[in-house]
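The structure appears right after this line, and notes come after that.
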Amino acid sequence: MQSDVMKTGVENAPKRALLKAVGYTDEQIKKPLVGIVNSFNEVVPGHYQLNMIARAVKDGVLEAGGTPMEFNTIAVCDGLSMGHEGMKYSLCSRELIADSVECMARAHAFDALVFIPNCDKTVPGMLMAAARLDLPCIFVSGGPMLSEKSRDLNTVFEAAAACVSGQIDAAALADIEDSACPGCGSCSGMFTANSMNCLTEAIGLALPGNGTIPAVSAKRTRLAKVTGRQVMELWQLDLRPSAILSAAAFRNALTVDMALGCSTNSVLHLIAIANECGMAIEMKTVNEISEKTPNLCRLAPAGAHHIQDLDAAGGVYAVIAELVSAGLIDRSCRTVSGQSIGEAVQGMTILDAEVIRSCAGPYAASGGLAVLFGNLAPCGAVVKRSAVKPEMMCFTGSARVFDGEEEAIQAIYGQQVKKGDVVVIRYEGPAGGPGMREMLSPTSAIAGMGLDADVALITDGRFSGATRGAAIGHISPEAAAGGLIAYIQDGDQISIDINNYSIELLVGEGEIERRRQSTPLKPQAALKGYLRRYQQSVLSADKGAVLALGSAAAVAATGAGAAAATGAGAAAATGAGAAPSAAGQ
């Protein structure tokens with residue numbers, strides 16, 4: 001056992017004494033020590049119930065002959081942090097989660113780990129830790145929230161905008177507010193949290209049902225107990241993430257991503273997880289997989305169905321089984337069940353052909369996500385095309401430029417954004433934000449005011465999985481790195497062609513060069529603490545917004561080299577380093 005370095009032999013008597021101070025007996029100390037990584041807190045509705053899940057996991061570990069030892073990580077609620085400074089801390093919490101798990105697991109010599117995430121950054125943060133540590137491990141999430149009256153958190157965001165514009169009154173808004181989030185769990189659509197929990201099944205690190213069984217269901221508690229037992233089987237087999245997280249497994253995950261219509265954030269996170277495995281996912285690979293993968297599900301915000309409907313229709317494994325039948329999944333990839341994914345989905349069938357369509361009759365012939373390229377995004381930009389109205393798939397509009405989310409929200413609510421506009425929100429990238437804030441507030445305002453068929457939004461920030469409409473994020477290089485988005489002016493024409501994976505600023509090269517020479521990049525406000533350290537080392541969105549080993553590496557990998565930086569824009573050539581220097585560092 002790895003834990004023997006801490007508990008066997010005369011020299012480890014002091015360590016055994018410390019374990020006995022916690023209450024562990026000699027018999028418990030002799031068994032494999034299983035870390036239970038719990039992201040419980042009393043702030044986030046998706047995490048409020050996780051102590052019950054942890055108790056069930058520990059029961060399973062005890063039943064199978066291990067000694068469970070629980071510790072906690074942080075968890076940020078994207079919904080609560082949305083639209084203010086708090087959102088700067090959401091994405092960067094992913095790295096803190098991964099690092100904190102590494103510290104606890106290595107410092108205390110665990111033999112295996114069970115991860116209990118739920119919302120947004122806890123899932124990818126823990127997946128990054130699992131890949132980094134390479135101990136026998138398994139995931140079980142807290143499960144999705146129920147949807148009542150086909151409402152969810154996004155419904156409230158859009159209703160708030162509808163109230164501001166006079167489409168509904170305060171009483172109607174209050175009714176939606178009181179019923180949209182009926183209890184604990186991750187928000188009920190195919191938003192980021194549920195996307196990543198579903199993809200944890202697809203990539204092989206969770207048992208079937210992990211992504212879809214509702215938080216309030218007793219099936220979720222039983223799954224947690226089975227998961228606790230299964231981690232001991234993985235320990236016996238010495239089955240580690242390095243044997244599961246293969247290049248083929250990441251391609252399987254991207255394929256399921258396209259079939260489900262997952263959040264755009266899933267691309268960012270899969271790149272980051274692959275990075276921990278020493279692999280690189282190229283942005284063009286996303287389009288290659290999307291081109292041949294039919295979109296089988298239209299879950300909120302792309303459609304009326306919610307995660308509880310997906311669960312009732314057969315869950316993620318029914319989707320995978322349909323993709324296997326079409327030859328789109330590598331059947332040989334291993335899973336924590338001990339079986340290959342091909343073996344694990346045998347017998348799984350679609351129980352509701354409207355929630356999960358067949359490959360022969362999909363919602364769309366291509367996948368739910370697309371990566372756009374062009375002079376505005378030479379390193380790529382991501383859109384959830386399954387949530388874009390048909391009339392917005394090919395769109396040319398006039399730029400309305402805002403240096404930050406708050407300016408844009410004020411203009412949208414002030415009805416200054418008109419049909420035919422392309423709202424540009426810049427200096428919200430990984431380094432420029434810093435933290436790459438999600439833009440659910442402005443996109444919901446656009447949709448709530450009935451403009452989602454007439455207005456596009458592009459940003460070097462990112463979007464909540466709840467976003468719908470022609471919302472294009474992850475523009476790389478970002479504005480703070482001297483990307484072309486920094487030089488857009490009001491009235492410029494922007495061409496978006498999602499079907500052909502294109503996004504272009506329709507301004508001549510001579511004029512672009514003149515702007516680079518004459519337009520300084522926006523100075524960054526002075527930062528302290530974690531955000532300052534994060535800004536100094538974060539890489540660009542197309543690199544997964546991971547942290548470099550040092551600021552020099554961050555400079556080299558921001559993607560800023562794709563922007564021709566000269567004159568007043570020469571600072572762009574330093575990539576993310578431009579923002580820290582302006583911040584007085």
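Is the C-alpha gyration tensor of the range 182-267 telling us rounded, prolate or oblate? Criteria: a/c under 1.5 is rounded; beyond that, a/b larger than b/c is prolate, otherwise oblate. Cα axes put the range 182-267 in the oblate bin. Of the complete DSSP H runs in the chain, those spanning 24 angstrom or more by Cα along the long axis with a mean Kyte-Doolittle score not below -1.0 are 88-107, 218-237. Computed 3J(HN,Hα) for the range 379-385, one whole-Hz value per residue from the Karplus formula 6.51 cos²θ - 1.76 cosθ + 1.60 where θ = phi - 60°, is 9, x, 8, 10, 9, 8, 5, glycine and proline marked x.
Hull volume per residue, based on the alpha-carbon atoms of the range 84-162 and their convex hull, is 99 Å³. Amide H contacts of Ala364 (H built 1.01 Å from N, in plane; Pro and chain starts excluded): Asn295 sit under 5 Å, all sequence-distant by 5 or more or on other chains. The label point for Ala218 and the one for Glu291, both projected 7 Å from the Cα toward the Cβ, are 5.1 nm apart. Could you tell me whether the range 301-406 comes out rounded, prolate or oblate from its Cα gyration tensor? Rule is a ≥ b ≥ c as square roots of the eigenvalues, rounded for a/c under 1.5, then prolate if a/b exceeds b/c, otherwise oblate. Judged from the Cα gyration tensor, the range 301-406 comes out prolate (a/c at least 1.5, a/b above b/c). Dipole size of the chain about its Cα centre, with +1 on Lys/Arg Cβ and -1 on Asp/Glu Cβ: approximately 1140 debye, rounded to the nearest 20. Take the Cβ atoms of Asn500 and Met52, set R0 to 56 Å, and the FRET efficiency comes out at 0.70. Label-to-label distance, Leu237 versus Ala170, with points set 7 angstrom from Cα along the beta-carbon direction: 5.9 nm. Normalised by 2.2 N^0.38 Å, where N counts its residues, the alpha-carbon radius of gyration of the range 439-548 equals 1.21. What FRET efficiency do you get for Ala353 and Phe71 if R0 is 45 Å and r is their Cβ-Cβ distance, rounded to the nearest 0.05? Calculated value: 0.55. Please work out, to two decimal places, the log10 of the ratio I(q)/I(0) at q = 0.05, 0.07 Å⁻¹ from a Debye calculation in which every Cα of the chain carries one identical scatterer. Normalising to I(0) and taking log10 leaves -0.20, -0.40. Over the chain, DSSP H runs of length four or greater, each weighted -39,500 (n - 2.57), average out per residue to a 222 nm ellipticity of -11500 deg cm²/dmol.
In the chain, the DSSP beta bridges split such that about 40 percent are antiparallel, to the nearest 5.
First check a/c for the range 245-330, with a ≥ b ≥ c the square roots of the eigenvalues of its C-alpha gyration tensor; if it is under 1.5, answer rounded, and if not, answer prolate when a/b is larger than b/c or oblate otherwise. Verdict is prolate for the range 245-330. DSSP finds beta bridges in the range 324-469, and of those with both partners inside it, around 35 percent are antiparallel.
Give me the distance between the Cα centres of the range 257-293 and the range 32-50, rounded to whole Å. Here the two parts' Cα centres lie 27 Å apart. Residues in the range 361-366 carry Karplus couplings, in order, of x, x, 5, 8, 6, 10 Hz; the curve used is 6.51 cos²θ - 1.76 cosθ + 1.60 with θ = phi - 60°, and Gly or Pro positions show x. Loop-located trypsin sites (Lys or Arg not before Pro) in the range 149-238 (DSSP state not H, G, I, E or B) with no more than 11 neighbouring Cβ atoms inside 10 Å: Lys149.
Just give me a number: lysine pairs in the range 1-144, eight or more positions apart or cross-chain, with C-alpha atoms less than 13 Å apart. Going through the range 1-144 pair by pair, I get 7.
Every number here is computed from the coordinates shown, using simple stated rules; none is lab data. It should be emphasised that the depicted structure is a prediction, and the values quoted were computed from it without experimental measurement. For neighbour counting, all protein chains shown are included, and Cβ atoms are generated from backbone atoms with ideal geometry for every residue, glycine included.
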